[in-house]
Amino acid sequence: MQEFFASSVSGCEEVLCDELRELGFKSVRLNKGGGIPFRGEWIDGWRACIQSRIAQRIQVLLGRFPAFTQEELYAGIQSIDWGTYITSEQTISVRSVCRGSEMQHSGFVALKTKDAIVDQIRAKTGSRPSVSKDDPDVRIFVYLVANKATVYLDLSGDSLHKRGYRMHAGDAPLRETVAAAILRMSGWDRTTPLVDPMCGAGTLAIEAAMWASNVPPGLTRGRFGFERWANFGEQEEQDLRKLCGELRRDIAGKKVKIIASDSDAEVLEKAKLNARAAGVRPSFKERPVTDLQSDGTKRIIVTNPPYGVRMEIDPAFVAKVTGRFIKLSGWRVCMLDESGDYERSMTIKPVKKIPLLNGALECNFLIYDIP
């Protein structure tokens, strides 16, 4: 059994925990520190990379040890058998985070970690791996907190928000993992008709359609990090193909009404291309958000409207949007708000207000039940 750590965007830990439990992972524990630990076999780590919609990265624990000094850090790193994962022909990268420790410079900790790894491999093979900042074969993470080092190996490679389907982005694209998180936060049951009236590149509608159809997000991307490790051979390739085949057989398209609309015809065409690449077919319509009408059917809006830092917005536009939303009797309206303009403009209070990060922006995810 391995101990894994699924990292998340700040504010998304609770829904990531729910997701991992729903997917059947073991020993899932809620942790407010930016991610969720769980346990499993190696193949469970692979499956988490493929199935999780919310995790940013999946990491596996290699070791924990006290590290008050650089000598203790070096010795602790060398106690790990790096030859299992890294050859002298491969490239590596090391990142570190330091908090409340004698060693406070993350760059220095990363450098000493790299030295210990390459020294071990050079002593065994006569040559050493190189460092690559852009596209390493193996990514190592060291967390030094209260003088205790925790060392992880990253299974993901590129961040898991890079699904591989979004070839075209709008002016202020929403990260796919955040889109998946707020869909779960919204309380959407995957049967109620869903509307994104300001869809941009279509990320929310595409993630909703993939979730409703049980399409694993990792099936649309290229190689994961673990496929580049030294211990990933022919048998592991066969096991991974078998796993992907089983997950594909579990895809079951649901007939859920998902409507994505935007007033910009050009950006809608990009959204359609992205949906086609993802293998899903939400309904796309060219219309302004102010044309939304209630037709007596209960629906849920989940949207990422333009706001504040991302683009300059006329206050009159905000008032028109919220004025239209408040007329959608019986609907649930959920939206991201960075500036606070939308919350101030709504004439009712949100039933829930969840702080989270959208990229580097501190936002609130607002949920309203329109009376």
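Some notes on this structure:
- Residue match in segment 271-289 (condition: under 30 Å from Gln90 (Cα atoms) and either more than 24 Å from the chain's Cα centre (by Cα) or not polar (S, T, N, Q) (or both)): no
- Options Ala201, Ala169, Ala181: the member that is at pLDDT below 90 and either not β-branched (Val, Ile, Thr) or not in a loop (DSSP other than H, G, I, E, B) (or both): Ala169
- The set of residues in segment 224-249 that are part of a loop (DSSP other than H, G, I, E, B) and surrounded by 11 or more Cβ atoms within 10 Å (Cβ to Cβ) comprises Phe224, Trp229, Ala230, Asn231, Phe232.
- Screening Val333, Val321 for residues that are under 23 Å from Ile206 (Cα atoms), of a type in the set (A, V, I, L, M) and in a strand (DSSP E or B) leaves exactly one candidate, Val333.
- Residues within segment 147-167 that are crowded, with 18+ Cβ neighbours inside 10 Å and under 24 Å from Ile86 (Cα atoms), tallied: 10
- Members of segment 91-102 that are assigned to a strand (DSSP E or B) and surrounded by 14 or more Cβ atoms within 10 Å (Cβ to Cβ): Thr91, Ile92, Ser93, Val94, Arg95, Ser96, Val97, Cys98
- Total residues in segment 4-37 satisfying the condition of being surrounded by fewer than 22 Cβ atoms within 10 Å (Cβ to Cβ), over 22 Å from Val151 (Cβ atoms) and among the small types (Gly, Ala, Ser): the figure is 2.
- Residue list for segment 323-350, restricted to those being buried (at least 21 other Cβ atoms within 10 Å of the Cβ) and β-branched (Val, Ile, Thr): Val333
- Selection status of Arg95, touching a strand residue (DSSP E or B) at 6+ places or on another chain (Cβ under 7 Å) and either in contact (Cβ under 8 Å) with a residue 40 or more places away in the chain or under 27 Å from Gly24 (Cβ atoms) (or both): yes
- Residue check, Ala277 in a helix (DSSP H, G or I), over 22 Å from Arg57 (Cα atoms), among the aliphatic types (A, V, I, L, M) and in contact with a helix residue (DSSP H, G or I) (Cβ under 9 Å, 6 or more places away or on another chain): yes
Residues are listed down the side, and each one gets a yes or a no for (1) touching a helix residue (DSSP H, G or I) at 6+ places or on another chain (Cβ under 6 Å); (2) closer than 23 Å to Arg190 by Cβ:
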| position | (1), (2) |
| --- | --- |
| Asn304 | no, yes |
| Ala316 | no, no |
| Val321 | yes, no |
| Lys327 | no, no |
| Gly340 | no, no |
| Thr347 | no, no |
| Lys352 | no, yes |
| Leu361 | no, no |
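- Qualifying residues in segment 52-77 (those that are surrounded by 22 or more Cβ atoms within 10 Å (Cβ to Cβ) and assigned to a helix (DSSP H, G or I)) - the one nearest to the chain's Cα centre (by Cα): Ile77
- Hey, Gly83 in the same structural domain as Gly126 (by TED's automatic domain parsing), outside any strand (DSSP E or B) and within 25 Å of Lys162 (Cβ to Cβ) or not: no
- Any hit, segment 28-43, residues being without any contact (Cβ under 8 Å) to a residue 40 or more places away in the chain, outside any loop (DSSP other than H, G, I, E, B) and charged (D, E, K, R): yes
- Of the numbered criteria (1) within 20 Å of Ser79 (Cα to Cα); (2) at pLDDT below 95, the one Lys162 fails is (1).
- The residue of segment 103-146 that is farthest from Thr87 (Cα to Cα), among those that are of a type in the set (A, V, I, L, M, F, W, C) and assigned to a strand (DSSP E or B), is Val145.
- Of everything in segment 216-248 that is among the hydrophobic types (A, V, I, L, M, F, W, C) and within 18 Å of His161 (Cβ to Cβ), the residue that is farthest from the chain's Cα centre (by Cα) is Phe226.
- Just one residue in the set Trp188, Trp211 is of a type outside the set (D, E, K, R), assigned to a loop (DSSP other than H, G, I, E, B), surrounded by 16 or more Cβ atoms within 10 Å (Cβ to Cβ) and at pLDDT 95 or above; that residue is Trp188.
- Screening the candidates Glu19, Glu41, Glu13 for the property of being in contact with a Lys or Arg (Cβ under 6 Å, 6 or more places away or on another chain) and not polar (S, T, N, Q) yields one hit, Glu13.
- The condition of being at pLDDT 95 or above and under 30 Å from Glu102 (Cα atoms) holds for only one of Asp154, Asp137, that being Asp154.
The values are calculated or read from the model by the stated rules, or taken from the named source; none is laboratory data. Source: prediction; values computed, not measured. Positions of Cβ are generated from backbone atoms using ideal geometry, with glycine treated the same way; all protein chains shown enter the neighbour counts.
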